[in-house]
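Where a number appears in this text, it was derived from the coordinates with a stated rule and is not lab data. Please read all numbers here as calculations on a predicted model, not as lab measurements. Methodologically, a virtual Cβ is constructed for each residue, glycine included, from the backbone with ideal geometry; neighbour enumeration extends over all protein chains shown.
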Amino acid sequence: MKTVNLHEAKTHLSALVSAAAAGEEIVIAKSGKPMARLVPLAQKEPRKPGLLKGMTVPESFFDPLPEDELKAWEG
């Protein structure tokens, strides 16, 4: 884990973000006191088309809501 002061972080932000994206953790300190941590984001898995293939919605899905439930949603 690398520690940099706030001034250095502002000056080299682009390089620090690239290092974090590559997996490095960077601590940003102010006056020697750790203030923040720059870490890589978890990568999302790409969407897989067709996961809901064959799924159907019943016709009742489109029916109006009962009055009591509609009032609960509208407040």
5 angstrom amide H check on Leu38, placed H, neighbours 5+ away: Ile26, Val27, Ile28
Potential lengthening between Ala72 and Ala29 on full extension [0.36 nm per residue; Cα-Cα distance subtracted]: 10.6 nm
Label assignment, Rg/Rh (Cα atoms, Kirkwood Rh) derived from the structure, set (1) 1.13; (2) 1.03; (3) 1.43: (3)
Within the chain: Cβ-based charge dipole about Cα centre, in debye rounded to nearest 20 (Lys, Arg +1; Asp, Glu -1): 840
